[in-house]
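J.: Right, I'll just put the structure down here and ask away after.
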Number of protein chains: 2
Amino acid sequence: MAKPSKENTPITEHLAYLLAQANREINRQLELRLSKEGVPVEQWRILKVLSDGNGHSMGELAGAVLLNHPTLTKMIDRMVSDTLVYRVQDPGDRRKVLMFISDRGKVLCKKLNSLAVDQEEHILESYGDKSTSELKRLLESLIDSSN
Amino acid sequence: MAKPSKENTPITEHLAYLLAQANREINRQLELRLSKEGVPVEQWRILKVLSDGNGHSMGELAGAVLLNHPTLTKMIDRMVSDTLVYRVQDPGDRRKVLMFISDRGKVLCKKLNSLAVDQEEHILESYGDKSTSELKRLLESLIDSSN
DNA sequence: CTTCAATTCTTGAATATTCAATATTTTCAA
DNA sequence: TTGAAAATATTGAATATTCAAGAATTGAAG
């Protein structure tokens, strides 16, 4: 009888793989919806975080929208050109830049939110209410336990 | 009483976001382990899929390792240079290229598997046996329901 | 005070990914 | 059997991301 080693487990059974696959699929669907407004998912996240009206530093934003710092800087450059957001130097700490959402950004964000809600609703239909909330709960606790 | 609209749900409660966050974190951890052998996660996936010893076409591989086609081609180019895998034209359909793992690839794959198992074990410890298998189950069914 | 380390953000060069176009082979209908 | 459409993989140009270095500011120890 062979030793029951986990080393030969097919890739499709690894948690890391399942997460990547699910993420890829859901993200692809969301991308598709948001492309109606020509906006990448990351920009929607940025707008959503900023839509509390407060200023958020670049470092804070980078963490919140899951982008590393230089990538965020360049994406923000584009969004500033599109007048969706704007920079203000933090008066309390001049190393920091505070990002704010513009009026135009708010308008766009509303449209994007509704597209995103459409998707969540679509998932709820095909996947089920119960599974969805259970999955969310488990993901949250996985994220917690990883820190 | 305001209408209970979902449009203002914070980003952290969206399934798409939770998936992205969990994926990012778990992937980062795996990356860290595999970097001991200087191999990106995608290459481990490729080696693992090919380690059944059969030939796999590029299209098949691309789907299995979650890379799009041109990206895979270029990654395979590198792996061929490193003599981890090799190409054979499919005799039955000469449009296709069949990929095979080399002996060197097999040796590397073994080491990588054990690093990956380490990680899964680490997750099991901190996150729990039950949660892990429940999460896997839910992810699988989410993926199924998205097709 | 002053200087040195740490924090925050940006920049430029090196890499990697993606999109559109191309080349090759197969399929299939006329 | 021929010719057009589909399938498969690669390539090259355009974009995007990352890594390492740089500039500015703050904090804090001496």
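The values are calculated or read from the model by the stated rules, or taken from the named source; none is laboratory data. What you see is a predicted model, and the numbers here were worked out from it, not measured in a lab. Cβ: placed from backbone, ideal geometry, glycine included. Neighbour counts: every protein chain shown. Side chains included, ligands, DNA and RNA excluded: accessible areas come from the protein's heavy atoms. Shrake-Rupley method; radii C 1.70, N 1.55, O 1.52, S 1.80 Å.
J.: Does any residue in the stretch A:102-123 that is more than 10 Å from chain B (Cβ to nearest Cβ) come within less than 8 Å, Cβ to Cβ, of a residue that is exposed (fewer than 14 other Cβ atoms within 10 Å of the Cβ) and among the hydroxyl-bearing types (Ser, Thr, Tyr) six or more places away or on a different chain, and which pairs are these?
T.: Hits for this filter: A:Ser102/A:Thr83; A:Arg104/A:Thr83; A:Gly105/A:Thr83.
J.: Let me ask you something else. Answer yes if at least one residue in the stretch A:91-101 is touching a Ser or Thr at 6+ places or on another chain (Cβ under 6 Å), more than 9 Å from DNA strand C (Cβ to nearest atom) and open to solvent by less than 20 Å² (accessible area, probe 1.4 Å), and no otherwise.
T.: Checking the stretch A:91-101: at least one residue is touching a Ser or Thr at 6+ places or on another chain (Cβ under 6 Å), more than 9 Å from DNA strand C (Cβ to nearest atom) and open to solvent by less than 20 Å² (accessible area, probe 1.4 Å).
J.: Of the conditions (1) under 22 Å from A:Ile26 (Cα atoms); (2) in a helix (DSSP H, G or I), B:Lys48 fails just one. Which one is it?
T.: Single failed check for B:Lys48: (1).
J.: Looking only at residues that are away from DNA strand C (no atom under 12 Å from the Cβ) and within 18 Å of B:Val39 (Cβ to Cβ) in the stretch B:58-77, which one is least open to solvent (accessible area, probe 1.4 Å)?
T.: Looking at residues that are away from DNA strand C (no atom under 12 Å from the Cβ) and within 18 Å of B:Val39 (Cβ to Cβ), I get B:Leu61.
J.: When you scan the stretch B:73-82, do you find a residue that is within 16 Å of DNA strand D (Cβ to nearest atom), closer than 11 Å to B:Leu47 by Cα and touching a residue at least 12 places away in the same chain (Cβ under 8 Å), even just one?
T.: Yes, the stretch B:73-82 contains a residue that is within 16 Å of DNA strand D (Cβ to nearest atom), closer than 11 Å to B:Leu47 by Cα and touching a residue at least 12 places away in the same chain (Cβ under 8 Å).
J.: Mind listing just one residue for me: the one in the stretch A:1-59 that is in contact (Cβ under 8 Å) with a residue 60 or more places away in the chain and charged (D, E, K, R) and, of those, nearest to the other protein chains (Cβ to nearest Cβ)?
T.: A:Lys48
J.: Which is surrounded by fewer than 18 Cβ atoms within 10 Å (Cβ to Cβ), away from chain A (no Cβ under 14 Å) and among the aliphatic types (A, V, I, L, M), of B:Val80, B:Val85?
T.: B:Val80
J.: Here's another thing I want to ask about it. Looking at the stretch A:45-57 only, could you name the residues that are farther than 23 Å from B:Leu139 by Cβ and either among the small types (Gly, Ala, Ser) or surrounded by 15 or more Cβ atoms within 10 Å (Cβ to Cβ) (or both)?
T.: A:Ile46, A:Leu47, A:Lys48, A:Val49, A:Leu50, A:Ser51, A:Gly53, A:Gly55, A:His56, A:Ser57
J.: Right, something else. Working only within the stretch B:87-119, note down all residues that are within 22 Å of A:Tyr17 (Cβ to Cβ) and of a type in the set (Asp, Glu).
T.: Once the filter is applied, which keeps residues that are within 22 Å of A:Tyr17 (Cβ to Cβ) and of a type in the set (Asp, Glu), the stretch B:87-119 yields only B:Asp118.
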